[in-house]
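The values are calculated or read from the model by the stated rules, or taken from the named source; none is laboratory data. Note that the structure is predicted; figures quoted are calculated from it, not measured. Don't worry about glycine lacking a Cβ; one is built from the backbone with ideal geometry, like all the others, and counts go over all protein chains shown.
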Amino acid sequence: MTKHKVGFIGTGGRSVSYANAYRDCDDIVIAGLADPDRQHRKAMVARSEIPGNIPEFDTWQEMLDKVPDLGGVVICTPNHLHAEQATACLQRGLPIALEKPLATNKQDCERIMVAETRGAGRVLLGFVLRSTPFYAKIHELISEDVIGDVVSIQADELPGLGVTSIMNRSPWRRHSETSGGAMLEKSCHDMDILNWMTDCRPVSLASYGASRIFAPDPALPEICDACPKASTCRYYTKPVFSAHEDESEEVLHQFIREDNRCIYNIDKDNVDVQNICAEYENGTIVNFMLNFNCMGPRAGRNFHAIGTRGRIWGNLSEAKIFVHDNLADETRTHDISVDGSDHGGGGRRHALLLRRMMQEPEFKPEQGAMAGYLSAVMCFAADRSRIERRRIDFIYDRDGFVSLR
């Protein structure tokens, strides 16, 4: 049996999902953990229950130099670090599982794509939602023409208390310079799903958004413990995670450096509500809403596609898909079973795609660099539209690169 050595660059929360998937694979050896934070490395080993004798490195450059026979690399670092790390691995011809988004700006996204084109390396972008049984079944039904031609799609991402707290308190997620902004960090997943379901490219979009919920409040103190409203604030210290959120409370709190500053008054520049309306090359119209601070029924991710012969809809966390046939005037229900892994059961399936990349040198996953590029460009265009208050058009060159006008 050929043994494939995998190195990890970044050992935060998302790395655990990959490590858990590889733990029971006889043909995969985790050969290195690179992270400047020793506590992150130790916590990752403990949470994933992988062997504790894995070589550890303070820098990813040191790992690449000292473990030259790596077969693949998992990159789970903050978004603004992706470009340098991904291009270095691709230039060595390595297949990489790169957490989403591709990068925090269009130039760095294109830099990664060029590196992949010029070398033997390949990219698996962290679009784990494509591997969830929920979205995979919807894609199957749409591909089988069950509802006819898709005319419009409405999708929502409505994060609850835990993810909302992280997006507004994380050392790097709350700043657009390091995260790329709320739409990119949180919803490039959803942009990819829209691109996947429509099976074509966006041609224009318009977006509106603002900080409507977590705007600074001079009536509140900077530190939560000094706040008279602490006993009633659901964001005080450690908010409870909802069942629909992507990670468990235990895992996320293990890896985030929590900040006891007021979620309203902490320095940040992310929006907390933003919508997108986009048109695709085949005429499909999509609407998407990102809104934090959502609890209760239908929170999380919702998807609704309307076709010429019917409709498909559902909520990811409810694990049910509904299909209405206009001709028969009847609605069918598809119950979705999941394996218990993160992101609605897609975590393990997604991570194992890197294994296939190492086993099959010619295999390139659909959720590769181009998919990551189109998703990210939609987010960049959305933020430009939001700021400039105008529609943005997409102009494609022969290589698929986009100019935004």
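Of the residues that make up the stretch 99-112, is at least one over 26 Å from ALA381 (Cβ atoms) and crowded, with 18+ Cβ neighbours inside 10 Å? Steps first, answer last, please.
Going through the stretch 99-112, the residues over 26 Å from ALA381 (Cβ atoms) turn out to be none.
No: the stretch 99-112 contains no residue that is over 26 Å from ALA381 (Cβ atoms) and crowded, with 18+ Cβ neighbours inside 10 Å.
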For the list (1) outside the structural domain of GLN274 (by TED's automatic domain parsing); (2) surrounded by 24 or more Cβ atoms within 10 Å (Cβ to Cβ); (3) farther than 22 Å from PRO202 by Cβ; (4) among the hydrophobic types (A, V, I, L, M, F, W, C), I need the number of the one condition that PHE134 fails. (1)
Residues satisfying the stated conditions in the stretch 284-309, i.e. on the phi > 0 side of the Ramachandran plot and in contact (Cβ under 8 Å) with a residue 60 or more places away in the chain: ASN293, ARG298, GLY300
Here are some residues: GLU177, GLU140. Which one is surrounded by fewer than 23 Cβ atoms within 10 Å (Cβ to Cβ) and under 19 Å from PHE322 (Cβ atoms)? GLU140
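Residue-by-condition table, conditions (1) assigned to a loop (DSSP other than H, G, I, E, B); (2) at negative phi; (3) modelled with pLDDT under 95:
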site	(1), (2), (3)
ARG130	no, yes, no
ILE138	no, yes, no
ILE142	no, yes, no
VAL146	yes, yes, no
SER152	no, yes, no
ILE166	no, yes, yes
TRP172	yes, yes, yes
What is the number of the single condition among (1) more than 27 Å from ASP149 (Cβ to Cβ); (2) buried (at least 22 other Cβ atoms within 10 Å of the Cβ) that ASP399 does not meet? (2)
Please enumerate the residues belonging to the stretch 13-53 that are crowded, with 18+ Cβ neighbours inside 10 Å, assigned to a helix (DSSP H, G or I), charged (D, E, K, R) and in contact with a helix residue (DSSP H, G or I) (Cβ under 7 Å, 6 or more places away or on another chain). ARG47
Give the residues of the stretch 98-122 that are in a helix (DSSP H, G or I) and among the β-branched types (Val, Ile, Thr), sorted by residue number. ILE112, VAL114, THR117
Breaking point among (1) modelled with pLDDT of 95 or more; (2) more than 19 Å from ALA97 (Cα to Cα); (3) assigned to a loop (DSSP other than H, G, I, E, B), for PRO365: (2)
Does GLY160 satisfy being at pLDDT below 95, in contact with a strand residue (DSSP E or B) (Cβ under 8 Å, 6 or more places away or on another chain) and surrounded by 24 or more Cβ atoms within 10 Å (Cβ to Cβ)? no
